[in-house]
Amino acid sequence: MFYTVLRVIIRGILLIWRRWQIIGLEHLPAKGGVVVVSNHISNLDPVVVGCALTRPVHFMAKVELFKIPVLSFIIKILGAFPVNREKSDRNAIRKALEILQRGSMVGVFPEGTRSKTGQLQKAHIGAAMLAVKADVPILPVALKGTKGWFKKITVVIGEPVYLPELWRGRPGKEELEALSQQVMGKISNMMK
């Protein structure tokens, strides 16, 4: 309930203040687990992605955010869960897989941190690994204009990436890196 009310309020603010535009919402799968991946250029990015999509997104958020009392309370209510970016965080992986297996969406910023230049950074393989392990598609999302206070925001939602040939086997690091780069390539093309 809180998620829905907050989403409606923030969508109104984004529409009036940032003149936001959402392109490609028809690509969002209506049901089932989905790993949502996006470029990351601003602290506003999780809010924008969460408001643009019509299904709730449970974001993996850096563990440091959960040490800030008020923010921690809010993001927990919104379904975010902590991930330690300094190591392979098995608890975060288990939590993400549970969410995906119950048919919900997990949001990941595969670059691991915000880009200071706005250019895409090299993606980590975590999002690809989650999609393969959970047997779910990856939904690429490109964000434009979220940095700063007054630019128009554009959210471009791409077609889901389904890779059943990988799901049947046990892909290695190189295959997961290739999948990550493929998805980031799609995001790069959507940013143009």
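The values are calculated or read from the model by the stated rules, or taken from the named source; none is laboratory data. Predicted, not measured: the structure shown is a model, and the values here were computed from it. Neighbour counts are summed over all protein chains in view; Cβ atoms, including those assigned to glycine, are modelled from backbone coordinates with ideal geometry.
Observations, loosely collected:
- Scanning region 68-84 for residues that are surrounded by 13 or more Cβ atoms within 10 Å (Cβ to Cβ) and not hydrophobic (A, V, I, L, M, F, W, C), we see that the one that is nearest to Arg55 (Cα to Cα) is Gly79.
- Condition met for Lys144 (closer than 26 Å to Gly185 by Cβ, touching a residue at least 24 places away in the same chain (Cβ under 8 Å) and either exposed (fewer than 15 other Cβ atoms within 10 Å of the Cβ) or not hydrophobic (A, V, I, L, M, F, W, C) (or both)): yes
- One residue alone among Asp135, Asp89 is of a type in the set (Asp, Glu), touching a strand residue (DSSP E or B) at 6+ places or on another chain (Cβ under 6 Å) and over 23 Å from Ile22 (Cα atoms), and that residue is Asp89.
- Taking region 99-157 as the region of interest, none of the strands (runs of 3 or more DSSP E) fully inside it holds 1 or more residues being over 14 Å from the mean Cα position of the chain (by Cα), among the acidic types (Asp, Glu) and at pLDDT below 95.
- If you check Asn91, Asn84, Asn43 for being under 17 Å from Ala131 (Cα atoms) and not aliphatic (A, V, I, L, M), only one passes: Asn91.
- Just one residue in the set Gly172, Gly148, Gly158 is in contact with a strand residue (DSSP E or B) (Cβ under 7 Å, 6 or more places away or on another chain) and of a type outside the set (Asp, Glu); that residue is Gly158.
- Residues that are surrounded by fewer than 16 Cβ atoms within 10 Å (Cβ to Cβ) and either small (Gly, Ala, Ser) or touching a helix residue (DSSP H, G or I) at 6+ places or on another chain (Cβ under 8 Å) (or both) were ranked within region 179-189; the one that is farthest from Gly24 (Cα to Cα) is Gly185.
- Qualifying residue in region 33-52 (condition: modelled with pLDDT under 95, surrounded by 13 or more Cβ atoms within 10 Å (Cβ to Cβ) and under 15 Å from Gly126 (Cβ atoms)): no
- Residue identified as basic (Lys, Arg), out of contact with any helix residue (DSSP H, G or I) (no Cβ under 9 Å at 6 or more places or on another chain) and surrounded by 17 or more Cβ atoms within 10 Å (Cβ to Cβ) among Lys95, Lys192, Lys87: Lys95
- Checking His124 against (1) closer than 18 Å to Phe59 by Cβ; (2) in contact with a helix residue (DSSP H, G or I) (Cβ under 8 Å, 6 or more places away or on another chain); (3) buried (at least 21 other Cβ atoms within 10 Å of the Cβ), the condition it does not meet: (3)
- Residues (part of a loop (DSSP other than H, G, I, E, B) and of a type in the set (D, E, K, R)) located in region 158-175: Glu159, Arg168, Arg170
- Residue in region 158-175 that is modelled with pLDDT of 95 or more, within 29 Å of Gln21 (Cβ to Cβ) and crowded, with 19+ Cβ neighbours inside 10 Å present: yes
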